[in-house]
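K.L.:
After the structure tokens below, expect a handful of questions from me.
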Amino acid sequence: MYAISLGDDGAELVPLEVWHAEELLASIDRGREFIGRHVGLPDVVSDLDGARAWLTSYAGKRAADGGGVHGIRLDGKLVGGLLFRVWDTPSGVCEAGCWLEPAAAGRGLVTRGMRVLLDWAFEERRMHRVEWHVSSANEPSINVARRLGMTREGVLRENYPHRGVRTSTEIWAVLAPEWRAARGHASHTSHGGIPQEHSERTARPAAAD
Ligand SMILES: CC(C)(COP(=O)(O)OP(=O)(O)OC[C@H]1O[C@@H](n2cnc3c(N)ncnc32)[C@H](O)[C@@H]1OP(=O)(O)O)[C@@H](O)C(=O)NCCC(=O)NCCS
């Protein structure tokens, strides 16, 4: 199976498949409290059946070109993941997300991995806009959005009930021309990668589903 090196510290970006359910559960268990402070992923991946069901839903998204998930390994051990929770090819808009075990935080793993995935989204898949939906209380994730060159576009006030508490969601995003300018890439299209047909967008909650 392929793995993309994220540097010389043994960090790799790898596909995450249904058969990784036990590894995913073990990783979430190591970070259950830390990860669950702002996102619902640990509540969905509550046991092995939950892990399998969640990975199966992402396998379905990938098959339908509607999203996908990658794992981050450090010296072979699964320590986190990156996902496209929403992927809409007709509009060129997608939404990315992430998680790490606490022991793997502070090393740039998510920023490095997301740069690989954003290069792929913008350059290979010709997406136009990548969004980042984050709780306004989630400073580490907001810092990731900043490091990725995203712009804070607004706040959905108290839109997301997380574990019984209404939280607000900040919407951050980076556009293809901004990404290319920041990465020093030449634009390959004159229309900024905008497909001919657009689909209606609907508001979506900032959950890690
Ligand atoms: C959000 C989350 C992934 C951020 O983790 P993180 O480790 O801070 O993010 P990164 O992996 O990009 O690492 C950045 C940190 O590593 C440091 N770093 C070290 N080497 C680096 C490198 N090569 N590149 C970038 N940053 C590097 C940065 O300085 C930064 O540390 P600092 O915040 O102390 O300055 C993590 O807090 C988490 O999983 N939270 C729970 C789940 C969650 O909230 N997910 C997001 C939902 S929107």
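The values are calculated or read from the model by the stated rules, or taken from the named source; none is laboratory data. Here the structure is a predicted model, which means the values were calculated and not measured. Ideal geometry is used to build each Cβ from the backbone, glycine not excepted, and the neighbour counts take in all protein chains shown.
K.L.:
Report whether or not ARG52 is more than 18 Å from the chain's Cα centre (by Cα) and buried (at least 18 other Cβ atoms within 10 Å of the Cβ).
P.N.:
So ARG52 passes the test.
K.L.:
Just to be sure I understand, how many residues within the stretch 79-127 are part of a helix (DSSP H, G or I), within 16 Å of the ligand (Cβ to nearest atom) and surrounded by fewer than 20 Cβ atoms within 10 Å (Cβ to Cβ)? Write out each step before concluding.
P.N.:
First, the residues of the stretch 79-127 that are part of a helix (DSSP H, G or I): 102-104, 109-124.
Subsequent filtering for residues that are within 16 Å of the ligand (Cβ to nearest atom) retains 102-104, 109-119.
Narrowing the set further to residues that are surrounded by fewer than 20 Cβ atoms within 10 Å (Cβ to Cβ) leaves 102-103, 111-112, 115-116, 119.
Matching residues across the stretch 79-127 total 7.
K.L.:
Which residue pairs have Cβ atoms closer than 8 Å, lie 6 or more positions apart in sequence or on different chains, and pair a first residue in the stretch 125-148 that is without any contact (Cβ under 8 Å) to a residue 40 or more places away in the chain with a second residue that is part of a helix (DSSP H, G or I) and more than 10 Å from the ligand (Cβ to nearest atom)?
P.N.:
Filtered contacts from the stretch 125-148: LEU148/LEU118.
K.L.:
What do you reckon, is GLU23 more than 17 Å from THR111 (Cα to Cα), in contact with a strand residue (DSSP E or B) (Cβ under 6 Å, 6 or more places away or on another chain) and touching a residue at least 24 places away in the same chain (Cβ under 8 Å)?
P.N.:
Criteria met by GLU23.
K.L.:
I would also like to ask the following. Tell me the residue from ALA11, ALA3 that is of a type in the set (Gly, Ala, Ser), within 18 Å of the chain's Cα centre (by Cα) and crowded, with 18+ Cβ neighbours inside 10 Å, please.
P.N.:
ALA11
K.L.:
Related question: Failed condition for LEU74, given (1) within 23 Å of ALA3 (Cα to Cα); (2) of a type outside the set (Val, Ile, Thr); (3) buried (at least 23 other Cβ atoms within 10 Å of the Cβ), with all others met?
P.N.:
In the conditions (1) within 23 Å of ALA3 (Cα to Cα); (2) of a type outside the set (Val, Ile, Thr); (3) buried (at least 23 other Cβ atoms within 10 Å of the Cβ), LEU74 misses (3) alone.
K.L.:
Within the set of pairs 6 or more residues apart or between chains, which connect a residue that is farther than 19 Å from GLY36 by Cβ inside the stretch 150-166 to a residue that is modelled with pLDDT under 95 and surrounded by 14 or more Cβ atoms within 10 Å (Cβ to Cβ) with Cβ atoms less than 8 Å apart?
P.N.:
Pairs found: LEU156/ALA206.
K.L.:
With (1) surrounded by fewer than 16 Cβ atoms within 10 Å (Cβ to Cβ); (2) away from the ligand (no atom under 13 Å from the Cβ) as the list, and ALA137 as the residue in question, which single condition is left unmet?
P.N.:
For ALA137, the exception is condition (2).
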